[in-house]
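One structure is given here, and the rest of the page talks about it.
Nothing in this text is a laboratory measurement; each read-out follows from the coordinates by a stated rule. These numbers were taken from a predicted model, which means no experiment stands behind them. We place every Cβ from the backbone using ideal geometry, glycine too, and count neighbours over all the protein chains shown.
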Amino acid sequence: MKRRRVRAVLAALAAAWIGVALWQTHKLLPAGMHVASPMCTVPGADVALLTDLTAADAYGHPVIRQSLRDAELRLISGAAHFVVLDVERFTQATGASGRSVAAELTEALLTLRRTRPEVRVLLILDPANEDYGATHLPQLALLSAAGVEVVSANLAVLRDPNFLYSALARLSLRWWGGPPGQLGAWLTELDFKAAHRKVLIVDDAQGRLSALVSSANPDDRESTWSNAGVRVSGGPADVLLRSELALAREFGWHGSAAGFSAPAAACRAAGDTLQADEARVQVLTEGATRQALVEQIGAASRGDDIELALFRLADRGVIEALLEAGRRGVRVRLILDPSEDATVHTPLKFPNQPLASELVARSGGSVQVRWYRTHGERFHVALARIAGPGRVWLLAGSANFTRRSLMDYNTEADVSLELTREAPLAEASRDYFDMLWTNQGAPGTEYTADFAVFSDPSQADYWLCRLLEGGGLAPF
């Protein structure tokens with residue numbers, strides 16, 4: 001009888017564990033997530049591709065070119081009525097190399113509030129910035145005192161990617177609030193989810209909205225990282241604004257949304273013929289990004305080009321779509337970060353080296369890979385370019401090509417652009433990728449290295465990477 005009771009209790013606990021895990025991976029998404037806006041045709045002048053790039057010259061000296069950071073500061077200084085900023089990391093670091101980007105952003109926001117106090121500022125941050133409540137950042141106290149509305153994202157409303165651990169934690173530790181201090185922060189970090197968007201939205205004196213959607217954080221430790229993003233004005237920025245305000249509400253913001261609005265921008269439907277001086281723009285967030293990406297890869301045919309520049313690649317659906325494209329005769333080229341940045345939770349080389357080796361081996365070489373040459377920084381880009389006979393499709397933003405980013409776990413924001421091949425932005429994106437692929441920089445500058453330099457054919461590494469990714473057991 002006693003054994004029977006023990007078995008019944010264990011079965012009930014296991015059922016509760018599985019039930020919580022299932023619910024927390026399939027519950028309804030918060031408002032503002034999984035957005036796929038209608039295609040909107042805008043003038044070519046309303047969109048721009050911006051990049052930050054770090055390399056080294058022949059003597060090993062850093063060569064840094066940045067446009068994202070400066071564009072962000074310009075947009076903030078020109079804001080007329082409001083600023084909405086949603087970033088994952090916003091940390092000052094003593095002794096960090098490169099620019100003090102967190103201090104620059106803090107000063108820009110403080111100056112804006114001091115000189116034009118009528119301008120409202122909404123700042124949405126991942127709670128990891130303050131170790132999930134265990135510490136406090138001085139710049140956030142300054143910003144709050146200046147009237148900036150700071151929102152620390154309530155990640156509990158998001159789905160759980162590390163479902164086995166998170167379900168157990170919900171059934172045990174979190175019944176009583178969890179351990180305090182750094183121990184509690186470390187245990188919360190193991191949920192492996194984040195408010196991962198990098199979005200800035202402002203309005204100008206004419207009431208026109210502009211948005212910057214990128215992969216760049218205003219974090220001093222990341223100030224020299226390579227990043228990419230898109231600036232877009234008009235109707236698509238309004239879609240982003242509504243998504244951000246809805247998410248802020250879900251995360252616990254109680255302020256008035258009345259001042260965060262602009263006159264509706266004209267947006268021509270996508271059915272008309274696209275001209276060289278125009279772009280079709282679509283806002284994509286979270287899982288909607290994956291759907292559009294896999295669809296575009298699947299539509300590529302023999303003679304087309306698929307070019308990806310990525311910080312992380314691990315999503316199984318994207319990998320299989322790339323392999324199928326290679327079999328159809330599509331030229332597939334990838335520039336990847338070498339993942340030489342082991343952390344407490346992510347082993348060295350993971351996920352890019354084992355999974356890139358799979359792509360090259362299974363495709364018989366039709367999928368080509370080169371590695372970005374990092375020098376202590378990271379190639380933190382999330383950019384896709386698919387070019388056919390008459391058009392180019394671009395995708396840029398915060399979403400890494402991984403399960404966490406593309407399967408509705410993290411919050412993410414991207415923008416896709418459809419262009420004619422003759423459009424200046426299409427040519428600029430081609431030149432950017434070709435420069436990195438063929439090392440067309442100053443003499444002695446090496447942007448990328450051959451695949452063999454960091455290839456990892458180990459089956460043990462491959463299957464461990466697959467286990468960590470599929471089970472939600474790693475933060476990539």
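Which aspartates and glutamates does residue 198 reach when only Cα atoms under 14 Å apart count, and residues fewer than 8 places away in its own chain are ignored?
Residue 198 reaches 72, 86, 88, 126, 219, 222, 244, 286, 412, 414.
Based on the mean of other beta carbon atoms within 10 Å per residue, what is the order of 306-314, 404-412, 6-14, most packed first?
Most protected by this proxy first, the peptides run 404-412, 306-314, 6-14.
Taking the Cα centre of the stretch 195-301 as the origin, how large is its charge dipole in debye, to the nearest 20, when only Lys and Arg (+1) and Asp and Glu (-1) carry charge on their Cβ atoms?
120 debye
Quick one: dipole size for the stretch 316-443, taken about the Cα centre, charges +1 on Lys/Arg Cβ and -1 on Asp/Glu Cβ, in debye to the nearest 20.
Magnitude of the dipole: close to 440 debye.
In sequence order, what are the phi-derived ³J(HN,Hα) couplings for the stretch 350-359 according to the Karplus relation 6.51 cos²θ - 1.76 cosθ + 1.60 with θ = phi - 60°, rounded to whole Hz, with x for glycine and proline?
Calculated HN-Hα couplings, in order: 8, x, 5, 5, x, 7, 5, 5, 4, 4 Hz.
For the stretch 30-75, report the translational diffusion coefficient in µm²/s to the nearest whole number, using Stokes-Einstein at 20 °C, 1.002 mPa s, and a Kirkwood Rh over Cα pairs.
148 µm²/s
How large is ³J(HN,Hα) for each residue in the stretch 380-386, as worked out from phi by the Karplus curve 6.51 cos²θ - 1.76 cosθ + 1.60 (θ = phi - 60°), to whole Hz, x for Gly and Pro?
9, 9, 9, 10, 10, 9, 10
I need 148, 283 ordered by Cβ neighbour count within 10 Å, fewest first.
Least crowded to most crowded, the residues run 148, 283.
About the Cα centre of the chain, how large is the charge dipole given +1 on each Lys and Arg Cβ and -1 on each Asp and Glu Cβ? Please answer in debye to the nearest 20.
1780 debye
Among 440, 470, 176, which residue has its Cα furthest toward the positive end of the charge dipole of the chain, with +1 on Lys/Arg Cβ and -1 on Asp/Glu Cβ?
So the residue we want is 176.
Using a/c under 1.5 as the rounded threshold, could you call the chain rounded, prolate or oblate? The axes a ≥ b ≥ c are square roots of the C-alpha gyration tensor eigenvalues, and prolate needs a/b larger than b/c, oblate otherwise.
rounded
Note down, for the stretch 192-297, the three equivalent ellipsoid semi-axes (square root of 5 times each alpha carbon gyration tensor eigenvalue), biggest first, whole angstrom.
24, 21, 16
Which of the three applies to the stretch 65-149, rounded, prolate or oblate, going by the alpha-carbon gyration tensor with a ≥ b ≥ c and a/c under 1.5 meaning rounded?
oblate
Which lysines, if any, have their Cα less than 22 Å from the Cα of residue 27, not counting same-chain residues under 8 positions apart?
Reachable lysines: 193.
If you line up the Cα atoms of the stretch 173-227 on their principal axes, what length do they span on each, largest first, in Å?
51, 29, 16
Hey, got the Cα dimensions of the stretch 106-156 along the principal axes, in Å, largest first?
The Cα atoms of the stretch 106-156 stretch 35, 20, 14 Å along their principal axes.
DSSP loop chymotrypsin sites (Phe, Trp or Tyr not before Pro) in the stretch 33-117 with at most 14 other Cβ atoms within 10 Å of their Cβ, which ones?
Sparse-neighbourhood loop chymotrypsin sites (Phe, Trp or Tyr not before Pro): 59.
Which of 27, 349, 2 comes first, and how do the rest follow, when ranked by fewest Cβ neighbours within 10 Å?
In increasing order of surrounding Cβ atoms, one gets 2, 27, 349.
Based on DSSP, what percent of beta bridges with both residues in the chain are antiparallel, to the nearest 5?
70 percent
What is the mean projected area of the alpha carbon convex hull for the stretch 40-250, to one decimal in square nanometres?
For the stretch 40-250, averaging the hull's shadow over all directions gives 14.4 nm².
Taking a ≥ b ≥ c as the square roots of the eigenvalues of the Cα gyration tensor of the stretch 278-470, is the shape rounded (a/c under 1.5), prolate (a/b larger than b/c) or oblate?
rounded
Pop out the ³J(HN,Hα) list for the stretch 148-164 in order, Karplus 6.51 cos²θ - 1.76 cosθ + 1.60 with θ = phi - 60°, rounded to Hz; leave Gly and Pro as x.
These are the phi-based 3J(HN,Hα) values: 6, 8, 9, 10, 8, 4, 7, 5, 5, 7, 7, 5, 9, x, 8, 5, 5 Hz.
Just name one of 24, 122, 91: the one whose Cα is farthest towards the positive end of the charge dipole of the chain (beta-carbon charges, Lys/Arg +1, Asp/Glu -1).
Of the options given, the answer is 24.
Of 48, 150, 371, which is farthest on the positive side of the dipole of the chain, counting Cα position, with +1 on Lys and Arg Cβ, -1 on Asp and Glu Cβ, and the Cα centre as origin?
It is 150, whose Cα lies furthest towards the positive end.
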